[in-house]
Amino acid sequence: MELGRDSDTGGQVKYVVELARALGTMPGVYRVDLLTRQISAPDVDWSYGEPTEMLTPRSSQDVHEMGESSGAYIVRIPFGPRDKYIAKELLWPHIQEFVDGALGHIMQMSKVLGEQVAGGQPVWPVAIHGHYADAGDSAALLSGALNVPMLFTGHSLGRDKLEQLLKQGRQSREEINATYKIMRRIEAEELALDASEVVVTSTRQEIEEQWRLYDGFDVILARKLRARIKRGVSCYGRFMPRMVIIPPGMEFNHVVVHDGDMDGDLEGNEENQAPDPPIWSEVMRFFTNPRKPMILALARPDPKKNILTLVKAFGECRPLRELANLTLILGNREAIDEMSSTSAAVLTSILKLIDKYDLYGQVAYPKHHKQSDVPEIYRLAAKTKGVFINPAFIEPFGLTLIEAAAYGLPMVATRNGGPVDIHRVLDNGLLVDPHDQNAISDALYKLVSDKQLWARCRQNGLNNIHLFSWPEHCKTYLSRIASCRPRHPQWQRSDEVFENSESDSPGDSLRDIQDISLNLKLSLDGEKAGESGSLDNVFDSEDSIAERKNNLEKAVSKLSKGLKVFHKVGSMEKPDQNSNPSKPAVLRRRKHIFVIAVDSDSDKDFVDIIQKIFEAASKDSMSGLVGFILSTALTIAEIHAVVISGGMVPTDFDAFICNSGSDLYYPLTSSEDSELPYEIDLDYHSQIEYRWGGEGLRKTLIRWAASIVDKKGETEEQVVTEDEQRSSAYCHAFTVQNPSLVPSIKELRKMMRIQALRCHVIYSHDGTKLHVIPVLASRSQALRYLYVRWGIELSNMVVFVGESGDTDYESLLGGVHKTVILKGACETTTQSQLKFRGYPLEDVVAFDSPTNVKTEDGYSTKDIQSALCQLRVLKS
Ligand SMILES: O=c1ccn([C@@H]2O[C@H](COP(=O)(O)OP(=O)(O)O[C@H]3O[C@H](CO)[C@@H](O)[C@H](O)[C@H]3O)[C@@H](O)[C@H]2O)c(=O)[nH]1
Ligand SMILES: O=P(O)(O)OC[C@H]1O[C@](O)(CO)[C@@H](O)[C@@H]1O
């Protein structure tokens, strides 16, 4: 690991690699895949271009304990420009491409493992865990596409970073957003809260002071919801992820602490003694008197680590300067000018302060260190009876603090963040206000000068450090995963439950029964959710005990009929896929799938666009190589009307993604006279229903809609009204009479999240329609479903969109599919205020990607053909 190389290579890298390695050796874990970006660039190590790398266990004991497990792997997925390293702030436009690539890997792995160990049945992942905001966003989409539980760890949180940066007052909100893309990042963290079952934190402070800043998390509401779930009463469609504190661990295998370290001679070696590590002389060459106790700081050169205040504190405190030296390990550098601008600014300011206070001979700031040098640096500081300092403005956890403690080095640390929890456990030093320069120098002086205090802190750290161990972390972590309701696709799950009931895994069956029991309880309660009043009423109202008892009895009675009943109900409700066996087969045979997702304002324009696309593909479609999917906010009835009005037939298309991605239909060749010739895919519903608020959500939305009125003199007109005709089981539809009077998409998301309602809100039809659908349902997720369910390759899809569209437009432009933007189609910008999401489209869409092409003049057949040639879908 190249830790401290730049602002992206910090503690999180170490954390996830060590966690993956430790998990891979846990009994009961078959395989851990750590997915990251593949980069083949000349300025990074060649190994970053390797598709797979095994994380070898640290010790032979680990190998022994692994048993049947196949271990942990780093899997590198190509996305974004192949030959270029991209800083984390600039990765956002490429996230969807990562999601698709990761999905491809997981599907492939599921097949391979299935063949190896499960008799050919696919082996589905048990959970997916996102680390940091960008992976939170990706994991949310993947957990939805695969229907598996998601966990999330923030490592460093955007809202907190934004607050800290605003407090420092050096940049305006706009400048901060331009530098850090912070609003996009915060939305990713909010989505991670929407989708996660468990959020792993390192400290209590992270929950109470940092996560509380998010719309989607509230400690009190979380408690109330948990209490209601325990009592078996309805939460009216509200959900909160479970926050758990599991501090990270350390790999202790190369930690060696000798008492002898304390009285060693720094100049020259005794006979028989191992030579000093080379990094020692690299550090000591800076000092006039290398025997003085060493104050050590080791951090990425990031302004938030607050090293400048440390240098000032040291420089301005004469007694401290006389007593101790200062060592600053701030990553690696060749030349300051070649560093990123923020890192270079930190280094330059430090050099100026050293000059200002004339600290020559008292401060070391070596240019290079290797990973293997880091333990030796801590040992050197401990040997001189020095102190480790982390004065960060805020430190989410602080791996360096546990590292220092493991090497017998007492600490002075910021009182903001994780160090408070670490100090509570280790009791190995002093906490300080990082803004108070005198407090820093006083604490350092106290620890360095008070020999007894120093020895006590050293010993306390050494005595308690075992509490930060990866195996312990993994045990708690795995128990959390085991307590999540197992989620798998229904088309696999119903068979599995059925089989398990008679198989040799009674534990699994029992857990399934318990889960079914919980589901039944919740859904039965949901039936009476309708009577609820406001959010307060929901929780203040006394639920009738008799009613609850009745619900429980119903649930128990359903359960007592056994798993077969559950399975049967499931299969009765399932569409009979065999009645229309040709559809998936047809879809699979296509060379290309053209997805028409142009959000046209008029049916006439829409028909016109569809026909132009048909014509453009006519050569290939004649031979059946191209299949078509319509993907819109329309209902199936509206789509049917469009199809018929355009002189087309339903079977001209392979599938229809309706209601903004909450319904999926396939055309039928025949149907009863009274019915439309389409078959709904109920497996899709089971795949997207996660956290769907159903009736409870609908009631809340209706109350909200009633509160938005247009005051015209004496009279009031309701602006938002329920559109029952256009609503379906997984889409609450509303009509907006006056789009200028309703909140933007950003405000709506916030409104939902603060009530713990997890859903996806979309404005369509130029802002005159509002759709509320399940949180992980969307038009782009529907395409991923087609891949997971029917194996239709995403890279063979071409998505046609207009110049703008509904508020879910951005998600249609990314991914491994190709995109054709039809110039002149859906240009409307009149309702742009509704689309306000808090960050520009460029922060989410890679417009310069070679898979995105805009037609040249308009959307004539010729324009479309030429775009398809450019994408190499058609031969020129
Ligand atoms: O020049 C350097 C600087 C750092 N490191 C290592 O990099 C890691 C840094 O981790 P940490 O001190 O925890 O800080 P961050 O890099 O900021 O890590 C983020 O992620 C960590 C894991 O979640 C949290 O502990 C932090 O609070 C959070 O800011 C440690 O292992 C250091 O030994 C080096 O090897 N060389
Ligand atoms: O400053 P930010 O954007 O909060 O990022 C800090 C994150 O970046 C990293 O340095 C990447 O490893 C992490 O240690 C940390 O989680």
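The values are calculated or read from the model by the stated rules, or taken from the named source; none is laboratory data. Note that this is a predicted model, so its numbers are computed, not measured. In this analysis, Cβ positions are derived from the backbone assuming ideal geometry, glycine residues included, and neighbour counts consider all displayed protein chains. What goes into the accessible areas is simple: the full protein's heavy atoms, side chains included, and nothing from ligands, DNA or RNA. Shrake-Rupley method; radii C 1.70, N 1.55, O 1.52, S 1.80 Å.
At-a-glance table
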read-out	value
Accessible area of the chain belonging to carbon and sulfur atoms, whole % at 1.4 Å probe	50
Expected 222 nm ellipticity per residue - DSSP helices of 4 or more, -39500 (n - 2.57), all of the chain, to 500	-13000 deg cm²/dmol
Column: log10 I(q)/I(0), Debye, Cα scatterers of the chain, q = 0.07, 0.08 Å⁻¹	-0.62, -0.80
Pairwise centroid distance, computed over Cα atoms, of the stretch 171-193 with the stretch 449-466, Å	40
Neighbour-limited loop hits for trypsin sites (Lys or Arg not before Pro), the stretch 132-222 (at most 15 other Cβ within 10 Å; DSSP other than H, G, I, E, B)	ARG170
Helix 545-560 vs. the chain, principal-axis angle (Cα, 0 to 90°, nearest 10)	80
Whole-angstrom gap from the stretch 693-754 to the stretch 70-121, using each part's C-alpha centre	39
³J(HN,Hα), Karplus 6.51/-1.76/1.60, whole Hz, each residue of the stretch 807-813, x for Gly, Pro	6, 9, 3, 4, 6, 7, 8
Per residue Cα convex hull volume in Å³ - calculated over the stretch 784-876	109
DSSP-defined antiparallel bridges as percent of all bridges, the chain, nearest 5	35
For SER727, residues with placed amide H under 5 Å, excluding near neighbours	ALA733
Estimated dipole of the stretch 74-194 in Debye, rounded to 20 [Cβ of Lys and Arg +1, of Asp and Glu -1, Cα centre]	320
Probe 1.4 Å, protein heavy atoms only - accessible area per residue of the chain in square angstrom	43
Range of Cα positions in the stretch 91-176 per principal axis (Å), largest first	61, 21, 17
Of LYS312/LYS446; LYS161/LYS352; LYS292/LYS451; LYS88/LYS161; LYS769/LYS835, those spanning more than 19 Å from alpha-carbon to alpha-carbon	LYS161/LYS352
Dipole axis of the stretch 785-849 (+1 Lys, Arg; -1 Asp, Glu on Cβ), positive-most option in PHE847, ILE792, ILE821	ILE792
Packing-based order for 751-764, 632-645, using average beta carbon neighbours within 10 Å, highest first	751-764, 632-645
For LEU668, distant residues with modelled amide H under 5 Å away	TYR678, GLU679
Tilt relative to the chain, helix 133-146 - C-alpha long axis, 0 to 90 degrees, to 10	40
Protection proxy ranking of 468-481, 372-385, 294-307 - average other beta-carbon atoms within 10 Å, highest first	294-307, 372-385, 468-481
Positive dipole terminus of the chain, leading residue within THR414, VAL598, PHE628 (C-beta point charges)	THR414
Degrees separating the helix 437-449 axis from the principal Cα axis of the chain, which is the longest one	50
Cα centroid of the stretch 772-841 to Cα centroid of the stretch 15-50, whole Å	31
For ASP710, distant residues with modelled amide H under 5 Å away	GLU717, GLN718, VAL719
Among 602-613, 40-51, 337-348, 727-738, the order from most to least packed when residues are scored by Cβ within 10 Å on average	727-738, 602-613, 337-348, 40-51
Per residue Cα convex hull volume in Å³ - calculated over the stretch 305-399	116
Alpha-carbon Debye profile of the stretch 672-831, log10 I(q)/I(0) at 0.20 Å⁻¹	-1.39
